[in-house]
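The values are calculated or read from the model by the stated rules, or taken from the named source; none is laboratory data. As the structure is a prediction and not an experimental result, all values here were calculated from the model. Neighbour counts are summed over all protein chains in view; Cβ atoms, including those assigned to glycine, are modelled from backbone coordinates with ideal geometry.
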């Protein structure tokens, strides 16, 4: 999960926009012994089918709590989570989920990424490439080590690069409008070292992906 870095009126960084990374995994005891473990050892397994129910659980237990726990108290609590268009990415409508999105003074809303618009996913514009380049230098032997290395790579993700990818995202939006909704444009380059200009009460968008 990444959001736009948040600044106060004096351009001081309030939050780097990093809200965490959570794997789709579960623990169970091994049935048989092997050269790496004895029977009964707890081992990590991947959730192979990310269903609507699995997605809802991830939002309730990881995504929303992470946003609330890391939110700066001086900021407006209007939050938009941009969601992908995969079939399991359906917005829950049950009472428990709605309560989680509106409790503690928050107004958390889900919006969908436009179809066939890969340049509107800030994760693809910066985060994935950055953490993959770091993680690929390691050689994990099992799923637990892989999760550990991915978390280490996420921790090293530079907040300045995060800010720059959000600037690129804004420019992509401008280019799409200039092309009347088309995507036949080169990925824009621009001066990303310009001064930060973000009002305190600006609504905040966070991007989440189930990749």
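Determine, yes or no, whether residue 74 is farther than 24 Å from residue 152 by Cβ and either modelled with pLDDT under 85 or not in a helix (DSSP H, G or I) (or both).
On the way: farther than 24 Å from residue 152 by Cβ: yes; either modelled with pLDDT under 85 or not in a helix (DSSP H, G or I) (or both): yes.
So residue 74 passes the test.
Go through (1) modelled with pLDDT under 85; (2) touching a helix residue (DSSP H, G or I) at 6+ places or on another chain (Cβ under 6 Å); (3) over 30 Å from residue 27 (Cβ atoms); (4) surrounded by 13 or more Cβ atoms within 10 Å (Cβ to Cβ) for residue 138 and report which single condition fails.
Status for residue 138: all satisfied but (3).
Which ones in segment 77-117 are surrounded by fewer than 18 Cβ atoms within 10 Å (Cβ to Cβ), at negative phi, touching a residue at least 12 places away in the same chain (Cβ under 8 Å) and in a helix (DSSP H, G or I)?
96, 97
Taking segment 43-71 as the region of interest, how many residues are within 30 Å of residue 10 (Cα to Cα) and either part of a strand (DSSP E or B) or touching a strand residue (DSSP E or B) at 6+ places or on another chain (Cβ under 8 Å) (or both)?
Within segment 43-71, the first condition is being within 30 Å of residue 10 (Cα to Cα), and the residues that meet it are 63-71.
Filter once more, so that each one left must be either part of a strand (DSSP E or B) or touching a strand residue (DSSP E or B) at 6+ places or on another chain (Cβ under 8 Å) (or both): 63-64, 67, 70-71.
Here the count works out to 5.
Filter segment 14-42 for residues that are part of a strand (DSSP E or B) and loosely packed, with under 15 Cβ neighbours inside 10 Å and give the result.
25, 26, 27, 28, 29, 42
For segment 138-160, state whether one or more residues are within 30 Å of residue 179 (Cβ to Cβ) and assigned to a strand (DSSP E or B).
No, segment 138-160 contains no residue that is within 30 Å of residue 179 (Cβ to Cβ) and assigned to a strand (DSSP E or B).
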